[in-house]
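Since the structure comes first, as structure tokens, the remarks are kept for the end.
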Amino acid sequence: MSQTATKLVVERSPVFGASATQKLLAFASLVAMLIIFSLASPNFFQTQNMISIMLSTAVAGVLGIGVTFVIITGGIDLSIGTLMTFCAVISGVFITFWGLPWPLGVAAALATGALIGMLNGVLVAKLKIPSFIATLGMMLIAKGLSLVISGTKPIYFNDTEDYNLIATGSLIDLSGWVPDLVIPNAVLIFFAVALVSSFLLNKTVLGRYTFALGSNEEAVRLSGVNVDRWKIAIYGLAGAIVGIAGVIISSRLNSAQPAIGQGYELDAIAAAVIGGVSLSGGEGTILGTVIGAFIMSVLINGLRILSVPQEWQITVTGLIVIFAVYADILRRRKSV
């Protein structure tokens, strides 16, 4: 890695940058919300409700981790919601339509996500289409193909119990110590994806170039780095992670629902931004995104328990996203 790119990474790394403060504020907000909702309702801290929060966080959290890589480069990916659905449908085609073993369906879902992600990268890096437009178009393409391939009907995995256990089974059963405390595999997969992604982002060349591209892409290019190749690789990695989310949600529902993914991209991007990932690029952490995803889930769950109408839940979520983006703008002004 060149000296110029290394300097950019050190200057904008989450260890040295202001995003660490944003991450601490997000964590403090999460703790405050947990306290407030637990005081407001005795049902909030029940074991089943905590498991429900973790389950609802798993899909949006995995998507948030995937889009974190893209946002740190200074881009955006609006296709992750419908791409998740498309990956689930492809898994259904392999397992239900073609009768192949479920591991092949899982592999097909991840490969599909990676390929579509790389295609997004090609559109952005090679064709110079703005990421907003390129991924918006891909969002519509993935949605259309999901409906066409599935015939607009859900694809069920009724004859494949093992596939359903990917998300709903449990490798950790603590009910012997705490009643009903059984951690679903979907949550374990979410945490595993977070750990691996954090390693990739902070300890590998791909991660260093992810930060460098978001900090100053032209400087990285002038230092002799093949920017296009790395950008395609980063979008491909994000797509593969989205494929994991597709497997989780289809396993949890025991079906590939061709119209379920739209809207998930907003939750994922919101989780990343709330967790301190800067929309201007160059800053962010996987831990911050995980915290942001839990903030979103705890907020919605708490408002639902308090019987707040859904339209107000959506309104409050939107206000929080706007506040998080504005806080990032103020933070960047002070750091200049």
Along the positive direction of the dipole of segment 3-335 (beta-carbon charges: Lys, Arg +1; Asp, Glu -1; about the Cα centre), which of Val106, Leu279, Met84 reaches farthest? Leu279
Test of understanding: what is the full-extension gain from Asp228 to Asp159, defined as 0.36 nm times their sequence separation minus their Cα-Cα distance? 20.5 nm
Set of lysines with alpha-carbon distance to Lys334 below 19 Å, sequence-local pairs under 8 removed: Lys23
Of (1) 23.0, 73; (2) 19.8, 60; (3) 25.3, 103, which one was derived for Rg and Dmax of the Cα atoms in Å from the structure shown? (2)
List the DSSP H helices in the chain whose Cα atoms stretch 30 Å or more along the helix axis and whose mean Kyte-Doolittle hydropathy is at least -0.5. 19-40, 47-72, 102-125, 227-253, 310-335
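Work out which trypsin sites (Lys or Arg not before Pro) in the chain are exposed loop sites (DSSP not H, G, I, E or B, at most 16 other Cβ within 10 Å) and give the longest gap free of them.
129-336
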With +1 on each Lys and Arg Cβ and -1 on each Asp and Glu Cβ, and nothing else charged, work out how big the dipole of the chain is about its Cα centre, in Debye to the nearest 20. 980
Expected max-MSF residue from Ile133, Ile291, Ile76 in the GNM of the chain (alpha carbon, under 10 Å) is Ile133
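Readers should treat all values here as calculations from the given coordinates under stated rules, not as data from a laboratory. Remember, it's a predicted structure, so these values are computed and weren't measured experimentally. Cβ coordinates were reconstructed from backbone atoms using ideal geometry, including for glycine residues, and neighbour counts include every protein chain displayed.
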